[in-house]
Amino acid sequence: MVSLLNDFVESDFFLIDGDSLFITCILNKTFKIGQTLHFFYLVEKFLHDFIQKEAKFVIVFFKDAEHLYINLPTLQVLRTTLIEHLENNTNVKIHTEFSNCLSTEWEKFLTEHYPFFLIVSEKGITAHQTEFLHIFILHALQRKINIVLPLGMESDVLRIYGFCASSKYTHKKYFAEICETLSLLQNLWPEGADIRSVVCAISCSVTLKLYEKMLLDAQDHENLNTDTENDSIQDLRKTPTLLEVADLCRMHCLSVIFLQQLPLFQRIKSRIITCVWNKILSPFLKMLKKSSVFILKQLKVRDDWKVDFAGLPDLTDAILWKNIAYYYEVEYPRGINLEMGDTLMQEYVRLWDIIVTLSESDSVGGAIPVRTTSRPFLAETDTLPTGTNTLLNVASLSTQRETGTSFKDAKGRREIQESHHFHHVFEKSLTGSRSASTMRRGAPSPQENATVQKRRTNQTNAETDIEENQERQRAKEEERWKNLFPNIVKEIRKNPNLGIELLEDFLQKCTDKSVKFKAEMGGVHTCYKLWLDNCLKPEAESKDINIIINLMKRIHIVHEKYSEQLQNTHRQNLAECLKDIGFGNLAYSLCPQVNRSNTENAISKYSVGMGAARFQLTYMGPFLFREERSDPDPRVHHFIPDTWQRELLDVVDNNESAVIVAPTSSGKTYASYYCMEKILRESNDGIVIYVAPTKALVNQVVRTVDDLFAKSHPHEEALCGIFTRDYRNDALNCRILVTVPQCLEILLLSPYQQRWMKRVRYVIFDEVHCLGGEIGAEVWEHLLVMIRCPFLALSATISNPDHLTEWLMLTKKYWQHVENSVENSGWSKCVSRGSKKQVEIKTKKASYRVRLVWHKERFNDVEKYVCSLKGEEFLIEHYHPCAALTVNHIKECGIPLDLGFSPRECILLYDAMVHIWPEWPRMQELEPEEFSCFKNKLVIKKADVKKYEEELKKEISCWVEKDSSKVNQLLSFLKPLTFDCSEDEKRKMFPHFVEKLKIMDRLPAIFFIFTIYGVEASALEIFRNLTKKQENHSGSNSTKQKSLDIDVLKAKKSQKKKNAVSSELDSGAEYQREVISKAEMKEINKYVESNAEISSDCSYADDTAVDDETLTELLNKLMEARQGYKLHDLLQRGIGFHHGSMEHTEREVVELLFRKNYVKVVVATSSLALGINMPCKSVVFTEDSCFLDALNFRQMSGRAGRRGEDLVGNVFFYGIPLPKVERLLRSNVPELKGQFPVNISFILRLMILVAKADDKEDAKAKAISALEHSLISFKKPKIKCIIKLYFIYALQFLFTEGYLNQECVPIGLSGLVSHLHYHEPANFVFVRLLVKGFFDKLCVPEKRYSPKKFSEDVMEKLVIVLANLFGRKYLPPCVEDHKRKSDSVVILDGLPQKCAKVIEAYNKGIQNNFVSFLLTISKLADLKKEHQLPLSEIGEECKDSQLVSHLMPGTESRTAVSPFACLSNVTDKNLFDINTLSDVMLRTIDVNVRNIPLFRLNKLDSTGRKYPLNAYLLDFYKHGSLYSLTGDNQMDEGDAYLMLKDFALIIQSISICISIHSISLRELCENEEDNVVLAFEQLSETFSKKLSTV
């Protein structure tokens, strides 16, 4: 299941099929036919869940679908009533004007709106309706719309989950082929074509073409996956070959000719054939049938082709087709060779030749012979086809895994030493030249002040020496400038760009301000003279506007940075320049002595032709000054921090907490490293914890910390430690711990780590918006409310930081109260050994203040572009942010806060507004030259442009209120012009698009694709394009290279022979021959390298960025990785790829080379979205996906624009539909709302902490804070009350199960349960099975082995049990209906009966306990709302009478169930059914089914269908192939690997102790030879070994 509602729900436009909604509610198990009100409650509850979570959707009812209820009048009436109710009583948008999903009007609707998801059922009430829905689904998939099945959808507080079928390229390809082939056939058969021939020709040719492509793709996957076992490809070889499929098409073609040529009286004599098609042909046959449907629909909308439809009633004859197949399969091989006849033969050959032409394949053969293969197509017995649609099964690349290596031996230690240089280079790439010295100390101490005072007595002489040295340095730099200036002038006139680079280089190295001023004025004069010369050229030659840009840039710098050096003569010179280029108003404001009348004359021939303000906004946006401070901060050495950055430093100096919200690359992370430096400096035992959401980000932070502080840190103690779920190093013996949230929670709740936790001085939370994430959000919340020390919470994407800050301030007030009320607590006494000065620093109390630092301005502007193909040319159009808006969106949501404009985009918007409304009242006021912040202003700053942007936004909002039609015109005017083309063309031209970006100077770039196979395949295509280009350039070089390879091979063979001979010689001769051999091979290799050089225009690599030695070392390091060979050749041409299934070393090499600017092209999944330091010039989105939501878009596009290197960041949309682009841009940043914060395992962990802690008061304070200060209950007392009641009932359950005694002290196996807390409720079930002795009976060793060994049968049974408990992945119920024969195990067997009985007893205890909980909290429900429909709020006051009382006595208990569900005879007893609980419980009590730890033996959807479990764990254990999981088990490669790795960790955590003072299975058993312990150890070893080989 996937989350349908991500953080940016406004970017996700849903389309709900009305009939699927109708079916879902009708088939609900709790609904009884006739209870109409209950039905409407289910419908409104379904829709209300989407509306409550701010999802945008519309509902469509097709006209044709109504005919499917013609024999079901009860349902037909109810469907009609539903449509009328939704239209009249709710605000839900309903569409009923479309006939069906193949109508022209529907196609237009999809093009305009492009829904993100289509919610449609795969199961209808009747067989005809099911077929109708299947056509709808297939049509949606080809339109690149993701499908969600409504049966079985689940929800929690923030999200909705469902089974999703993502659109793939194959779906669209299928329909595109039909349309293209129809056009080709129309040219071949202009008029009068028989409909039977048309359908046969198109369906056969399209199916042959796609089938051949499918076989080739599958073969490519096999070739790419070098680790795939032979038996994992067996299914591919069992599928029909292309020649076999061609035979089947030939016989179908012949049957169509028979239909056309043979009269009915002759056909009725046909033999009766009882055979059926072999089930292996079912995907192909189904493809033919589907093709026929869409061919007929396409013909209906084509008015320009006259087709003879008379043959429609006799379109196909299945028995005749089988009859022909029987003849060629059974009788023809026996020697029964019969003539076809001239007429039949002629027509058959003609039709087949057409099919071959349309299929564009030379591999299918001619018309004769009809049968060329021998595989049987017919079977004796009638069996139902079980194959699934071939179009829906696209094989994917073998996954790559990240392996962790434990270095415990001497060899391992040597390997660590060898990798030290690699890590050092990697660290430097993260921080550049920075080190610990870049951070100066904070406020000086009194002792430091005394030292300073003492030094001042000797300052006079020192100052004199300094002044003399400065004078000598000034003289040297003046002399250097005099010598360099003529060359710079000459270079600027020859090549302005190169000359300006030389000038900039001098200015960067020069330290004297007066010399820099002279250089800037020299640059102004040179650019001015160059412009004058440029303007005197013939008019045919366009003026180079870059000269004026550089001129104005120099004038801005002089005016802003050297105002003290500016003399009157300088001002006059600058004014003359400004006057001549047409900026007379600026000239007069700069120097009033300039003759103003002259400035108002007609535009001179040197003028740029526009006003000064317009010019600055249009051309100088990247160079405009920001409001920067000029006063240095003594705490920062290498740059002058902005005001908001100084506030961060103040926060750290004052030991305060802060929520920091700032755009990507704005510099917010600097405060984190300043905080680390401060703690390292102030004490010898203070600890800083850095919390990152992913392991990749953890590794990056560790490298950065090592580079910044390793040199200055004492070597006798560890500087930086790592603690992740699968790797731990120096976690408790370091000064800076970098970890993930789940592992910090383990430390925080460990009763044995209280003393260590009290050493923590700061906790830094990076990407804190994960607090609202789908997985692990409650863990972030636990950490924030339970830590006592100050914290820094960093994020770039939070829209309600004030709400978050207010909540965190409340928690800090609580801790302040605890600190003040608990005297002599362990916290205040915690002082380590050290000097007296250190004790004073360490016992200084932390502040309980929480500040909000919210910086909204991004350093670099980012501009967006949409790319389309027009023939062979790329059309790249600028995309104005306003083009993403709609009038309705502005009315409902306003203009998004983070929808910013660059200065150029402000001008474009103003001009568009003037164009749309020439009489616009504020036109003159907002004209750039007249705007108050721009008028007569020499240097327009970013802040001025921001004010202008806000005024334009306000004006758009005013337009919406006054005349929305003008806004519609404005937004349409701003939309870019795009052209549509086939997916084939986009994929084919993608490598050329990369070339285009190189020509445009838009590299380095990251190209985002959301599948691992897509990432690697795209990178390989780019590589192949470069190699092909080099081959074309080289000509005969390819032949030369082959000859060279042969010579090298011969030389190596010769060396082997010489080595064999040398082994027989004495040692001296052998040594001499070895030296000669090495020298010869060295010369050979040198010759090979010289002839294998890569041309610069056939590579994206920058050879100057990395020296040869470092590059060779990195590439050799790469080859140590499992699949490093895939990257080796790509990196040499400046191409890389990056995804989550790569090994750690592979990712680090790619990241390092990209940061060093050697690699210019990286194709990546979302692995580069979250926090990884990979800035680039451009970001390209190359394919649409359900994972491309606005949150991922913001994170990914944030990579564009390298601070200090790129003037503007660029975001390109390549092949992304415009409606999707619009929704990505206009969606607002998400609000953090919180989730239900506790479960039973967490409460048990709190009880263990309180019971076993040395500092009881500290433990109790943490537990109370976690229970009382949840974000979801902030300012919501009812939810806080529900959490307290949940806590009480959880204690009751833990007591009943034997995990707590009457004093709530943990007993029994509570330690093991808490150790497996991440897998609730499986942890409770596992321990219950362990206690009941189930595993003792299962784990019986083989008698003949010593030491004990367990059979494969025992191991497989153990895997089945564990797979039913942990790592559960459900398949949709429809999988049961489409089983296919496979060597893989797809559906997992259920648990053994004895095991199931134990779990049933567990569930019964849970149900008894938590049904009581639901009955209790039902008193908190809003009864008024419970008696109203969720959307329409229809409900009536209660009326009573004697008859009513008699008919409705209320004797049944219906306290905690919905009143509407009661209409279908639902009572409180139905609360015991976990599968229907969410449908019947009260909706206003804010409790979700997921909060109740029932273990579902059989998960059922709302109609009672079972969700089978995916047997991927058992399947992998049997064959050890990841490749098979991606095909047979329908899993994504990356997800499959991560889930397998997770399962391996679970087995390890059960069998051995991997956590801090946790209980392991071995510790529970007195006998070390216990069978259960040994069985788990054997399983752990075997499974890990299999996983290490994939």
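Peptides 1389-1401, 48-60, 1363-1375 ranked from most to least packed give 1363-1375, 48-60, 1389-1401, packing being the mean of other C-beta atoms within 10 angstrom over each peptide's residues. Computed from the C-alpha gyration tensor, the three semi-axes of the ellipsoid equivalent to region 483-592 are 22, 20, 10 Å, from longest to shortest. With protein chains left intact and a 1.4 Å probe, residues in region 45-93 average 51 Å² of accessible area per residue.
Report, as a whole number in µm² per second, the diffusion coefficient that Stokes-Einstein gives for region 1279-1432 at 4 °C and 1.567 mPa s using the Kirkwood radius over alpha carbon pairs.
Working: Rh = 19.3 Å.
Answer from the Stokes-Einstein relation: 67 µm²/s.
3J(HN,Hα) couplings calculated from phi for region 1571-1587 with the Karplus curve 6.51 cos²θ - 1.76 cosθ + 1.60 (θ = phi - 60°) are, in sequence order, 4, 5, 4, 5, 5, 5, 5, 5, 5, 4, 5, 5, 5, 5, 5, 5, 5 Hz; Gly and Pro show x.
Solvent-accessible surface of region 1180-1313, averaged per residue with a 1.4 angstrom probe and all protein chains in place: 33 square angstrom. For region 678-783, GluC sites (Glu not before Pro) meeting the loop criterion (DSSP other than H, G, I, E, B) and having at most 14 other Cβ atoms within 10 Å: GLU716, GLU717.
Annotation: THR1182 carries an accessible surface of approximately 20 Å², with a 1.4 Å probe and no ligand, DNA or RNA atoms counted.
Hey, can you rank 790-803, 1099-1112, 848-861 by average C-beta count inside 10 Å, highest first? Intermediate values should be presented prior to the final figure.
Working: 790-803: 21.1, 1099-1112: 15.4, 848-861: 18.3.
Ranking the peptides 790-803, 1099-1112, 848-861 by packing returns 790-803, 848-861, 1099-1112.
Under Stokes-Einstein, with the Kirkwood radius over Cα pairs standing in for Rh, what whole-number D in µm²/s applies to region 1115-1183 at 37 °C and 0.692 mPa s?
269
A 1.4 Å probe over all protein chains sorts LEU1224, LEU1415 by accessible area into LEU1415, LEU1224, starting with the largest.
Within region 1168-1266, what whole-number % of the accessible surface is contributed by carbon and sulfur, with the 1.4 Å probe and all protein chains included in the calculation? Spell out each step's value before the answer.
On the way: 1250 of 2490 Å².
For region 1168-1266, the apolar C and S fraction of the accessible surface comes to 50 percent.
Rolling a 1.4 Å probe across all protein chains gives HIS525 an accessible area of roughly 100 Å².
Largest first, what is the accessible-area ranking of LYS1284, LYS891, LYS1337 with a 1.4 Å probe?
Details: LYS1284 105, LYS891 125, LYS1337 145 Å².
Heavy-atom accessible area, descending, gives LYS1337, LYS891, LYS1284.
Provide the per residue accessible area, probe 1.4 Å, for region 628-771, rounded to a whole number of square angstrom. Could you put the intermediate results ahead of the total?
Numbers: 4530 Å² over 144 residues.
With all protein chains present, region 628-771 gives 31 Å² per residue.
Placing pseudo-labels 7 Å out from each Cα toward the beta carbon at LYS711 and THR74 gives an inter-label distance of 8.3 nm. Hydrodynamic analysis of region 1228-1356 uses the Kirkwood radius over alpha carbon pairs. Inserted into Stokes-Einstein at 4 °C and 1.567 mPa s, it gives a translational diffusion coefficient of 74 µm²/s.
If DNA, RNA and ligands are ignored and the probe is 1.4 Å, what is the ranking of HIS769, HIS1427 by accessible area, most exposed first? Display every interim value, and only then the final one.
Values: HIS769 10, HIS1427 100 Å².
Ranked from most to least accessible, the order is HIS1427, HIS769.
Heavy-atom surface analysis with a 1.4 Å probe gives region 6-108 a carbon and sulfur content of 50 percent of its accessible area.
By accessible area, using a 1.4 Å probe on protein heavy atoms only, region 1318-1368 has 52% of its surface on carbon and sulfur.
The values are calculated or read from the model by the stated rules, or taken from the named source; none is laboratory data. Predicted model only: the values in this text are computed from it and were never measured. Note that each Cβ is placed from the backbone with ideal geometry, even for glycine, and that neighbours are counted across all protein chains shown. For the accessible areas, the whole protein counts, side chains as well, though only heavy atoms, and no ligand, DNA or RNA atoms are used. Shrake-Rupley method; radii C 1.70, N 1.55, O 1.52, S 1.80 Å.
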